[in-house]
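Inspection log for the structure reproduced underneath, given as structure tokens.
Every read-out reported here was derived from the displayed coordinates using simple, explicitly stated rules and does not represent laboratory data. This structure is a prediction, so every number in the text was calculated from the model and none was measured. Positions of Cβ are generated from backbone atoms using ideal geometry, with glycine treated the same way; all protein chains shown enter the neighbour counts.
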There are 2 protein chains.
Amino acid sequence: MSDTLPIAATPAPPYYAVIFTSTRTEGDQGYGAMSDQMLKLAVARPGFLGVESAREGVGITVSYWRDLESIRLWKRDAEHLAAQRLGREAWYEQYAVRIALVERAYGFERGAGYGA
Amino acid sequence: MSDTLPIAATPAPPYYAVIFTSTRTEGDQGYGAMSDQMLKLAVARPGFLGVESAREGVGITVSYWRDLESIRLWKRDAEHLAAQRLGREAWYEQYAVRIALVERAYGFERGAGYGA
């Protein structure tokens, strides 16, 4: 996540979120390098708006997208398809993918205050 | 998160997700205890469907709810309002809250396979 801010600076809603929650198998098995590569590819996709990611027992990656078409095309990207297959073969014990329409968003920044 | 599974066992969509992303200030300042208490209260609310949470630099907590009304009532809960205020006064450097309608969900479980 080195080239992205911890909290994504998304535009005003509506836009889409892909909530990817996972638990890993033991050992790296090439996961770290592929994960970095997938992030690099996703960030460069049309319609990509931002990403937030943390792993602490469970891994949660939320990526934000302009519309469902951007998500559909990224899901079908050839390198991403190969990574998805390896995820099921080797890296993940379990995962859930949820595709959600962000209807409302607000936030807080210390020193800046509370607002939209 | 000790009394919940790492990946929430949510029903079939549609339902709502509240994506809460945050960065913390230094030190605990009562955050851990309040966080545990808020989880306990949220789990017991009507319309609560599940929660997933991880912190690694950035903290991501995704809670799942039956409908917007459940979210609205939980946001206005007196104890939760006090926690929100302390969050802005002491615990969070920055946060974002996104309220999103989950339209589609699928998953994978090792040994069980890939499916809805």
- Note on the structure: One checks the Cα atoms of chain B and finds Rg and Dmax, in Å, of 15.0, 47
- Note on the structure: Under 5 Å from the placed amide H of residue A:67, counting only residues 5+ away or on other chains, we find A:16
- So, with +1 on the Cβ of K and R and -1 on the Cβ of D and E, and no other charges, what is the size of the charge dipole of the range B:29-75 about its Cα centre, to the nearest 20 debye? 160
- Size-normalised alpha-carbon gyration radius of the protein assembly as shown, reference 2.2 N^0.38 Å: 0.99
- Query: What is the spin-label model distance, in nm, from residue B:114 to residue A:25 if the labels are put 7 Å beyond Cα along the C-beta direction?
  - Reply: 1.4
- Task: Would you mind computing, in nm to one decimal, how far apart the modelled labels at residue B:12 and residue A:85 are, each placed 7 Å from Cα along Cα→Cβ?
- Result: 3.1
- Note on the structure: Working note, the range A:52-116: Cα radius of gyration (Å, one decimal) and Dmax (Å, whole number) are 15.8, 47
- So, over other residues within a Cβ distance under 12 Å of residue B:24, counting Lys, Arg +1 and Asp, Glu -1, the net charge is -2
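Contact order normalised by length for the range B:13-116, with contacts defined as Cα pairs under 8 Å and 6 or more residues apart; what percent is it?
45
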- Dipole of chain B, Cα-centred, from +1 at each Lys and Arg C-beta and -1 at each Asp and Glu C-beta, to the nearest 20 debye? 300
